[in-house]
Amino acid sequence: MILLRTKRIKIIGFSTILIFALVLLFLYLIYAKQTNAVLVNYSNMKQIAHNVYVEPEINESEKAGLINYVQTSTVKINALFGQKESTPVLIYAKSKKALENYADSDIGQTYYYPWNNYIVIGPSGYNENVIAHEFTHAELRKRLRNSSKVPIWFDEGLAAMVDGRFPDNEMIWNIQTNDGKESINFNLLDSHSAFHSNAKSHINYELACYEVSRWYGIVGTPGLLKLIDSLNKGGDFNDVYKGIESNLSNEANGKR
């Protein structure tokens, strides 16, 4: 009887371990790229600076270029937020094989987790603009207790404002609003699909960039930090966003 019970316990224990292992395998097969990014420190990727990884075959010139892009992008984040607080992991996957391991796009991909963000840069994303864009997303998430408190269009507009790839935003805005006679329904831009790569997404980036640039031009870094602080205290985005602009506009007019 005791032997039978012991055997049954062993079978249950083995079955539990097997099921757990199968679940882990299943999750890895689904989230392989994300998992590879999180575990990059245990891969054959080479760390060339703090939280910066590249393939071992990358030449010294490309390594130096990447480090320079990281530094110049950090300067932009410091200028926008006052001081960079986030420390995202940056992975440069140049080869097709590395891209297959880490991302679905040759531009790159970012994975957000509570403990950190993992930014994968492909060959088409090997530039200051893309890195600064992704650094902006990472910094905003670092400072917000709940990233869903800001709409997608603000998140993307802020990053687009920093990266400098959308210089025609005022012209696009005027075309889409008939020189200000019509309004933009930003509710339609509050989704990640609105900014997926297609012809329409380019316009959406321009519109979001224009609006955030216009707002930031009025409120500056103090206004941005106040927005984040108010949202962390439970404020509603629309109320806080408009309120900060209104208050600072009134203060500016009063000084005149």
Along principal axes, largest first, the alpha-carbon spread of region 50-169 in whole Å comes out as 40, 29, 28
Quick one: which residues, 5 or more positions from THR110 or on another chain, have an amide H under 5 Å from its amide H? H modelled 1.01 Å from N in the peptide plane, none for Pro or chain starts.
VAL120
Range of Cα positions in region 137-245 per principal axis (Å), largest first
37, 27, 24
Within straight cross-link reach of LYS200, meaning Cα distance under 30 Å, which lysines are found once same-chain residues fewer than 8 apart are removed?
LYS33, LYS76, LYS94, LYS96, LYS142, LYS149, LYS181, LYS242
Considering the convex hull of the alpha carbon atoms of region 39-85, report its projected area averaged over all viewing directions, in nm², one decimal.
3.7
Quick one: if you take sqrt(5λ) for each eigenvalue of the C-alpha gyration tensor of region 92-139, what semi-axes come out, biggest first, whole angstrom?
18, 13, 6
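Computed from the coordinates by the stated procedures, all read-outs in this text should not be read as laboratory data. All values reported here derive from a predicted model rather than from experimental measurement.
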